[in-house]
2 protein chains.
Amino acid sequence: MNKLLTFNSLSYSTSLQPRMVQPSLTVRKEGVGRCTKVHRNFNLEKLRNGYLFTEIARRELQHLEKYPNAKVISLGIGDTTQPIPDNISMSMANYARALATAEGYRGYGAEQGNKELRKAIAETHYKDVLVKESEVFVSDGSQCDIARLLLVLGSNVTVAAQDPSFPAYIDSSVIVGQAGDLEDEVGKYCNIEYLECGPGNNFFPDLKGTSRTDIIFFCSPNNPTGHAATQNQLEQLVEFARNNGSIIIFDSAYAAYVTDGCPRSIYEIPGAREVAIEISSFSKFSGFTGVRLGWTVVPEELLFSSGFPVINDFNRIICTCFNGASNIAQAGGLACLSSEGLEAVHLVVDYYKENTKILIDTLASLGIKVYGGINAPYVWAHFPGRKSWDVFAEILEKTHITTVPGSGFGPGGEEYIRISGFGHRESILEASRRLEALF
Amino acid sequence: MNKLLTFNSLSYSTSLQPRMVQPSLTVRKEGVGRCTKVHRNFNLEKLRNGYLFTEIARRELQHLEKYPNAKVISLGIGDTTQPIPDNISMSMANYARALATAEGYRGYGAEQGNKELRKAIAETHYKDVLVKESEVFVSDGSQCDIARLLLVLGSNVTVAAQDPSFPAYIDSSVIVGQAGDLEDEVGKYCNIEYLECGPGNNFFPDLKGTSRTDIIFFCSPNNPTGHAATQNQLEQLVEFARNNGSIIIFDSAYAAYVTDGCPRSIYEIPGAREVAIEISSFSKFSGFTGVRLGWTVVPEELLFSSGFPVINDFNRIICTCFNGASNIAQAGGLACLSSEGLEAVHLVVDYYKENTKILIDTLASLGIKVYGGINAPYVWAHFPGRKSWDVFAEILEKTHITTVPGSGFGPGGEEYIRISGFGHRESILEASRRLEALF
C-alpha cells in the first residue's frame, strides 16, 4: 500500500500553519512594460535564489497543492508552536488596554528600548558578566539587527561565518556589498571566509588555518547544527579575535536551550567585551516569533581602529533606521523576565527539548547519525553521500514532513538535514512514526 | 518678574513624557583602551551630529536638568498623545490574550504582513487607485522601511529630496553611501539634489532647474512644512519622474490630515504606478507611534532599467532583513481599518487638527507668518533673518516649549520653526498663552 495514502488517511490533527509566502512574482522580461532608468543593485543580483526559509515555505505550499489532504508536519522553519505563558500574554493585553486610557497611553518610546526592559535583560541574562543596561539595545528580532549591524559596519569590511550557519549572516553581507562574487561551483562567496564546522572538528573551526577578517559571525548554540561551543572553544575564538583585531558578532538566540554548562553568552569569556557584539532574541526563548522582540549588546569597550566606540555608531543607526520595538511586545518581554515569567518560559523550553530528544532517539534507533539537540532545539542528521535537497524532497514527498536541507545553510551543510524540535508533542510523535516507516 | 518663574510656578498639568535618550556616550580618544583593527564605516563619519529628533530629546532633557520644576510642553518630536480608541486597543489585547491559548497562538507570520491586513490597507487607502493586496508590505514603521528601501537600491543611485524634509531620507542615504561628502558651508551633501520648497514656489520645486536623479524622496503632506502638494504639482512630479526614468519614494504618513482635496496617495496621479513607491504609517493616523506599524506599496509595474521588477528585490530584503511587524500591532492595524475603527481614529485626527488651528491662530495673531497646518499637524513658522536653532533655544528657554528648528530638516528650513499640533488640548492652549506672552 502506498505510504502516502496511509498518511493522508490519518485523522491525525496537524499543527500546520504554513508561513504565508508572497504570491509568486512574475519576473518580467526586458522590454516588457516601461522601465525606469534606475539600475538594479548589483549586490542583490549576487544573491542566490530566494531567502532559505521563504523557499522552504514555498515548497511546503507546493506540496500541499499536490497533496491537498496531506497532514503536513512542519519541522522546517523552526517556528514555535506552544502558547505564550499566561502572565506574559496578560502583561501585553494589559499594556494594550492601557493605551486606550489617558494615564496608560504612550507614544514614541526610546529607540534603544524601554529602560526597565534593558535593565531586566542586563540583570537576567548578563548578571555575572556585568553588561550594563546602557549597552543593551532592544530590537524587533535578531535578524533585523544583523542587517542594522551591517549598516553600521559598511561594505568595506571582511566577513567570516561558520559553515553551515544561519543564512541571514551571509545574505545580509551580500546585500550590503561585503561578500564579493558567488563562486558557483563551490557555492561560496569569494570574499567570505567560511569557517567549516562539522563532526570532524567538534563543530569548531580550525583557527590556525583561518584568515583574519574584520567580522566573525558566530552562533552558539549553533543554528543549524545544534552544537554549543564549549568554554575552551570560545576562549580560542576570543583570543583569535583579539589577536586579529576582529569583531565577533555572537548570536545567542538559542542560549536558553543550553543544558550542559556551555557558555550562554560570549561575555562569559574574559576579554570578550573588547571584541564582541552579542545579538539575541525572545523568539525561541519565549515563543515571541510573531510578537517580535530581541536585543543586541554592544559593550562600551568595543572600539574601531581609531578608538571610536562602536556603540556610538550602533546607537546612531538605531535612532535613524529604527524606531524601537513595539511597546506592547516590550511589556511582554519585561513579563518574561519576571521570576514567574522565567519559570513559565523555561517550562516551554523544556517541552521543546523533550520533543528534540524524541526525534534524536528515533533517528538514532534508525541508524541515522545525529548531532546537536542537546543544547539546541535542532537535530542535525547526516545522510552520507546524499544531496541534502534530495533528502529534504524525499522526506517531504514520502512522509509529508518539512525539514530544512543542510546545504541551505552553506556548502558545509551538504549531506545533512536540520530537523526542528518545535511542534506539538503529538506532531513530534507522529513525525517519529512516519520517519520510522520511511527509513 | 521673570517669565520663567511664572511658568515654573504654574500648577498646569504637563503632558511631558520626554522620549528617553541614550545616556550620553563618551567618545574615547584614540589610543585609549584596546582598539580592534576594524575601520569605522566612512559613511557614518559623514553624518552630521546626532539624529535630529534624538538631539531634540537631548536638549529637552538638558533643559529639564536646568529647570527641574519647569512644566515643559513638547511640541517638538511630533509624538501622538491621545489614547488609542477603545475597539482598537481591545483588538490588540484580545490578540495578546489569545496567544496564551492553543487555538490563538501564532508564531512567525508572513514577512510581508498578514494577508487580511494587507487587503484592508489596499481596500481602505487605495480603493480608487487599484493597489493590490500583494503590492502592500506591512512594516514596523515608515522610518524603518526608508532604510530597507535604500538597502534595495544600493549605494550607486543618485538621490533627490525636498529641502526641507524629514531627516531620515538624507541620513539614511548617507548611511548607505549615496550622499557624497558634506559641504559644510552650505550644509548640503554634494551628491544629493536638494529640491527647494518654500513659500516662493508654493512649496514645490522648480523641476525645470532640477537635475535627474535615480531616486526622488517626496513627502506630502510634507513634514515639516505641512504643505500638501496639489494634484497639479504631483502631476508635474510624476511626469518629471517618467521623463527621467526616476523612482519616486512618496511618503504619505500624514495623508489622513488632508482636508482640502489634495491627493492622499501618489497613485491618484495617472502613470504613477510605473515610477513610484509609497511609504506610509499608522503612527500619526492611529496613534501607533509606540505600537509600531506602517506599510510600503511597491507596484508590480515598477521596473529597474533591465526590466527586473523592484517588488521582487523589495520582497527579498523584507524576507532577509526583516521578519514582519508584531502580530499584535497588526491586529490593531486591522481594527483601525474597520468602519468603527476608522470613525474613531478620524475623531482623534480631527482633535489634533483643531490643536493645530489653535496654534496657527495664535501665531498669526502675533504677526508671525505661518504655513502648513491645514493638511498636516505641523505649523511652519517663519522668523525672517533669524537662525532657527536660536529661535528654538529662545522659545525653550523662555517658555519651556520644545519645537524643532527648521534647519534640522535641511538648509532650506533655516529661519523656520516646526511646531507640532500633537498634544493634549490644555497643553496647546497653555503653549498658546506662553507664546503670546513671549512674542
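A short reminder: the numbers here are calculations on the coordinates, not readings from a lab. Every value quoted in this text rests on a predicted model; they were computed, and no experiment measured them. All Cβ positions, even for glycine, are placed from backbone atoms using ideal geometry, and neighbour counts span all protein chains on display.
Based on the Cβ-Cβ distance from A:ASP350 to B:ASN69, what FRET efficiency comes out when R0 is 35 Å, to the nearest 0.05? Don't skip to the answer; put the middle values down first.
On the way: r = 52 Å, r/R0 = 1.49.
Step by step, r from the Cβ atoms, then E = 0.10.
Pick out, from A:ALA344, B:THR296, B:GLY177, the residue whose Cα sits farthest towards the positive end of the charge dipole of the protein assembly as shown, with +1 on the Cβ of Lys and Arg and -1 on the Cβ of Asp and Glu.
Farthest along the dipole direction, towards plus: A:ALA344.
Could you check which residue among A:GLY307, A:GLY413, A:GLY290 shows the biggest mean-square fluctuation in a GNM of chain A with a 10 Å Cα cutoff?
Among A:GLY307, A:GLY413, A:GLY290, the largest mean-square fluctuation in the Gaussian network model of chain A belongs to A:GLY307.
Kirkwood hydrodynamic radius (Cα pairs, Å) of the protein assembly as shown? Present the calculation step by step, with values, prior to reporting the outcome.
Values: mean 1/r = 0.0358 Å⁻¹.
Evaluated on the protein assembly as shown, it is 27.9 Å.
Only Lys, Arg, Asp and Glu count, each charged at its Cβ (+1, +1, -1, -1), so figure out the dipole size of the protein assembly as shown about its Cα centre, rounded to 20 debye. Please report the intermediate quantities before stating the final value.
Numbers: 80 positive and 98 negative charges, 80 e Å.
It comes to approximately 380 debye.
Taking a ≥ b ≥ c as the square roots of the eigenvalues of the Cα gyration tensor of region B:88-191, is the shape rounded (a/c under 1.5), prolate (a/b larger than b/c) or oblate?
Details: a/c = 2.82, a/b = 2.23, b/c = 1.26.
In terms of gyration-tensor shape, prolate.
Exceeding 18 Å between C-alpha atoms, which entries from my cross-link table qualify? They are A:LYS369/A:LYS398; A:LYS46/B:LYS132; B:LYS357/B:LYS387; B:LYS71/B:LYS398. Show your work: numbers first, answer last.
Working: A:LYS369/A:LYS398 20 Å; A:LYS46/B:LYS132 29 Å; B:LYS357/B:LYS387 25 Å; B:LYS71/B:LYS398 12 Å.
Among A:LYS369/A:LYS398; A:LYS46/B:LYS132; B:LYS357/B:LYS387; B:LYS71/B:LYS398, the Cα-Cα distance tops 18 Å for A:LYS369/A:LYS398; A:LYS46/B:LYS132; B:LYS357/B:LYS387.
With +1 assigned to the C-beta of every Lys and Arg and -1 to the C-beta of every Asp and Glu, and no other charges, what is the dipole magnitude of region B:86-338 about the Cα centre in debye, to the nearest 20? Don't skip to the end; give the middle numbers.
Details: 17 positive and 30 negative charges, 163 e Å.
Dipole magnitude for region B:86-338 comes out near 780 debye.
Of all alpha-carbon pairs in region A:86-339, indicate the percentage at a distance above 24 angstrom. Provide the component values of the computation, followed by the final result.
Details: 14795 of 32131 pairs.
Counting every Cα pair in region A:86-339, those more than 24 Å apart make up 46 percent.
Between rounded, prolate and oblate, where does chain A land on the alpha carbon gyration tensor, with a ≥ b ≥ c its root eigenvalues, rounded for a/c under 1.5, else prolate if a/b exceeds b/c? The partial results should precede the final answer.
Working: a/c = 1.35, a/b = 1.19, b/c = 1.13.
Note, shape of chain A comes out rounded.
For chain B, what does the helix formula give at 222 nm: sum of -39500 (n - 2.57) over DSSP H segments with n ≥ 4, over the residue count, nearest 500 deg cm²/dmol?
After summing the helix terms and dividing by residue count, I get -11500 deg cm²/dmol.
Find the Cα radius of gyration of region A:157-202, compare it with 2.2 N^0.38 Å by division, and give the number to two decimals.
Numbers: Rg = 10.8 Å, N = 46, 2.2 N^0.38 = 9.4 Å.
Against the empirical 2.2 N^0.38 Å value, I get 1.14 for region A:157-202.
For peptide B:84-96, how many partner chain Cβ atoms fall within 10 Å of a residue's Cβ, on average? Can you show the working numbers first?
Details: counts 9, 2, 4, 1, 3, 11, 4, 1, 9, 12, 3, 7, 16.
Counting Cβ atoms of other protein chains within 10 Å of each residue's Cβ and averaging gives 6.
Once you place label points 7 Å from the Cα toward the Cβ at B:LYS127 and B:GLN62, how far apart are they in nm?
Going by the 7 Å Cα→Cβ label model, 4.9 nm.
Run through the DSSP bridge list for the protein assembly as shown and note the antiparallel percent, rounded to the nearest 5.
Working: 44 of 82 bridges.
Close to 55 percent.
Can you pull the mean other chain C-beta count within 10 Å for peptide A:328-334?
For peptide A:328-334, the averaged partner shielding equals 4.
Once the label point is placed 7 Å from Cα along Cβ, list for B:LEU64 the distances to the corresponding points in the other copies, in nm, shortest first.
Inter-copy label distances (nm, one decimal, shortest first): 4.8.
Quick one: dipole size for chain A, taken about the Cα centre, charges +1 on Lys/Arg Cβ and -1 on Asp/Glu Cβ, in debye to the nearest 20. Kindly include the intermediate steps, with their values, before the conclusion.
Numbers: 40 positive and 49 negative charges, 256 e Å.
Charge dipole of chain A: 1240 debye, to the nearest 20.
With both partners inside region A:86-339, how many of the DSSP beta bridges are antiparallel, as a percent to the nearest 5? Kindly include the intermediate steps, with their values, before the conclusion.
Details: 11 of 28 bridges.
Antiparallel bridges: around 40 percent, rounded to the nearest 5.
Which peptide among A:399-406, A:253-260, A:185-192 comes first, and what is the full order, when sorted by highest mean count of other Cβ atoms within 10 Å? Could the numbers behind the result be given before it?
On the way: A:399-406: 25.5, A:253-260: 20.6, A:185-192: 15.6.
Top to bottom by mean Cβ count within 10 Å: A:399-406, A:253-260, A:185-192.
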